Amino acid sequence: MNGPGSRNPNRTQAMESLQVVVAFGSNLGDSMALIGAAMERLEERSVRPLRRSSLWTSSPIDCPPGSPVFINAVAMLEPLPGETPESLLAFLQALEVEAGRRPKVVHNESRPLDLDLIVWSGQTRDTPRLILPHPRARERRFVLQPLSELEPGFRLKGGDLPIAKLLEGLPADALLRVVAQAPGPERGRTAAQG
């Protein structure tokens, strides 16, 4: 029985299972449509509808001079049974190629779609192909700001500060602002969260 002092195990399990975070970026082509389409495809790999941030503009960081402004977002998902960080990474990379991404010629060059696996339910990886949590996520306002829209108290890993606190230490981005609500039925908090 779930009285006032008891925990609801189903709610706790659902919250913990939503801790797979993917970041979306685009600064070539119809960025909003590309990110929306990638979110729809990613949702096929989730047990529940994605939790989606709004779409944000951000300055190109460490990109070649004259690079266009980025559109960014994040989504949280509960992966299908049998999915692993490595299999999801391969899926994300295939989506990038489908959207027209070519092998890098110039570091941080413009791209139609950039998908990063940020966190996978507290798991860590340190291989040539995958590092979890994402090694630069805590330095990227364009990742943390949309994620804070969904979960301001979220921690990238156990000992980290909540992302709302990490954001306080990052430089401002004059271009960072919401430009559109993310397409799809599940934005922000889930219905169970109120």
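The values are calculated or read from the model by the stated rules, or taken from the named source; none is laboratory data. These numbers were taken from a predicted model, which means no experiment stands behind them. Cβ: placed from backbone, ideal geometry, glycine included. Neighbour counts: every protein chain shown. SASA here: full protein model, heavy atoms, side chains in, ligands and nucleic acids out. Shrake-Rupley method; radii C 1.70, N 1.55, O 1.52, S 1.80 Å.
Only one residue in LEU34, LEU28 is under 13 Å from ALA73 (Cβ atoms) and either in a loop (DSSP other than H, G, I, E, B) or open to solvent by 20 Å² or more (accessible area, probe 1.4 Å) (or both), so which one is that?
Unique residue meeting the criteria: LEU34.
Of the residues that make up the stretch 99-108, is at least one on the phi < 0 side of the Ramachandran plot, surrounded by 17 or more Cβ atoms within 10 Å (Cβ to Cβ) and of a type in the set (A, V, I, L, M)?
yes
So which residues in the stretch 114-141 are part of a loop (DSSP other than H, G, I, E, B) and in contact with a Lys or Arg (Cβ under 6 Å, 6 or more places away or on another chain)? Break it down stepwise before answering.
Start the filter on the stretch 114-141 by keeping residues that are part of a loop (DSSP other than H, G, I, E, B), which leaves 121-124, 127-130, 133-136, 140.
Within the stretch 114-141, just PRO133 meets the criteria.
Taking the stretch 88-127, which residues are of a type outside the set (A, V, I, L, M, F, W, C), closer than 26 Å to ALA33 by Cβ and free of Cβ contacts under 8 Å to residues at least 40 places away in the same chain?
GLN93, GLU96, GLU98, ARG101, ARG102, PRO103, LYS104
Restricting to the stretch 65-75, name every residue that is touching a residue at least 12 places away in the same chain (Cβ under 8 Å) and open to solvent by 40 Å² or more (accessible area, probe 1.4 Å).
PRO68, VAL69 - these are the residues of the stretch 65-75 that are touching a residue at least 12 places away in the same chain (Cβ under 8 Å) and open to solvent by 40 Å² or more (accessible area, probe 1.4 Å).
A quick yes/no check of all residues on (1) at pLDDT 95 or above; (2) not hydroxyl-bearing (Ser, Thr, Tyr):
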| residue | (1), (2) |
| --- | --- |
| MET1 | no, yes |
| PRO9 | no, yes |
| THR12 | no, no |
| LEU18 | no, yes |
| VAL22 | yes, yes |
| ASN27 | no, yes |
| MET39 | yes, yes |
| ARG48 | no, yes |
| SER54 | yes, no |
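Can you report the number of residues in the stretch 149-174 which are open to solvent by 20 Å² or more (accessible area, probe 1.4 Å), closer than 20 Å to ILE35 by Cβ and not in a loop (DSSP other than H, G, I, E, B)?
Total satisfying the criteria: 1.
Does LEU88 satisfy the criteria of being part of a helix (DSSP H, G or I) and out of contact with any His (no Cβ under 7 Å at 6 or more places or on another chain)?
Considered against the rule, which asks whether it is part of a helix (DSSP H, G or I) and out of contact with any His (no Cβ under 7 Å at 6 or more places or on another chain), LEU88 comes out as yes.
Of all residues in the stretch 49-64, which are in a loop (DSSP other than H, G, I, E, B) and surrounded by 19 or more Cβ atoms within 10 Å (Cβ to Cβ)?
Residues satisfying the conditions are LEU50, SER53, SER54, PRO60.
Return the only residue of GLU40, GLU44, GLU83, GLU78 being within 26 Å of ARG177 (Cβ to Cβ) and open to solvent by 10 Å² or more (accessible area, probe 1.4 Å).
GLU40
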